[in-house]
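In what follows, a single structure is set out as structure tokens and then discussed.
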């Protein structure tokens, strides 16, 4: 992932903060949901439990996420594709994301096995982005 993008996101986003993720609905309209997001070298990470969002991504993996802070205009918009994952590595990444956001104790309380029927790890591979206010750079 682009290092400038990673730095911009880490500047304005905390692991337990909320972002707005948009997928493409069956009729082509955006389906926007607030959710938490993690980040690692593989991409932007999402814990996906909603059936609609997962159906949207299975049909069309394109997505957009808006990352911002309250009361500040600085924000980052990322467009890309999201892959739904349930394998052992995805489970490890999901566990680390939850632990980074809420601590080891909370992970113990909500630990779950990833599956297509329940919770999926979504990994977004950015295709382009726009950084507003931080350094006004675009890819």
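The values are calculated or read from the model by the stated rules, or taken from the named source; none is laboratory data. Just so it is clear, the structure is predicted and the values come from calculations on it, not from any experiment. Cβ coordinates were reconstructed from backbone atoms using ideal geometry, including for glycine residues, and neighbour counts include every protein chain displayed.
Within the range 103-126, does at least one residue satisfy the condition of being in contact with a strand residue (DSSP E or B) (Cβ under 9 Å, 6 or more places away or on another chain) and over 15 Å from residue 47 (Cβ atoms)? The answer is yes; a qualifying residue exists. Regarding the range 4-13, can at least one residue be identified that is closer than 21 Å to residue 73 by Cα, at pLDDT below 95, assigned to a loop (DSSP other than H, G, I, E, B) and more than 11 Å from the chain's Cα centre (by Cα)? Looking through the range 4-13, at least one residue is closer than 21 Å to residue 73 by Cα, at pLDDT below 95, assigned to a loop (DSSP other than H, G, I, E, B) and more than 11 Å from the chain's Cα centre (by Cα). Given the structure, is residue 97 part of a helix (DSSP H, G or I) and either crowded, with 18+ Cβ neighbours inside 10 Å or modelled with pLDDT of 90 or more (or both)? Judged against the criteria, residue 97 is a match. Residue 16 satisfies every condition listed in (1) at pLDDT 95 or above; (2) part of a loop (DSSP other than H, G, I, E, B) except (1). Could you check, for the range 33-41, whether at least one of its residues is under 12 Å from the mean Cα position of the chain (by Cα), touching a residue at least 40 places away in the same chain (Cβ under 8 Å) and surrounded by fewer than 17 Cβ atoms within 10 Å (Cβ to Cβ)? Yes, the range 33-41 has at least one match.
Would you be able to tell me the number of residues in the range 41-94 that are outside any strand (DSSP E or B) and within 18 Å of residue 6 (Cα to Cα)?
Count: 5.
Give me the residue from the range 100-120 that is assigned to a loop (DSSP other than H, G, I, E, B) and touching a residue at least 60 places away in the same chain (Cβ under 8 Å) and, out of that set, nearest to residue 17 (Cα to Cα).
Among them, the one singled out is 119.
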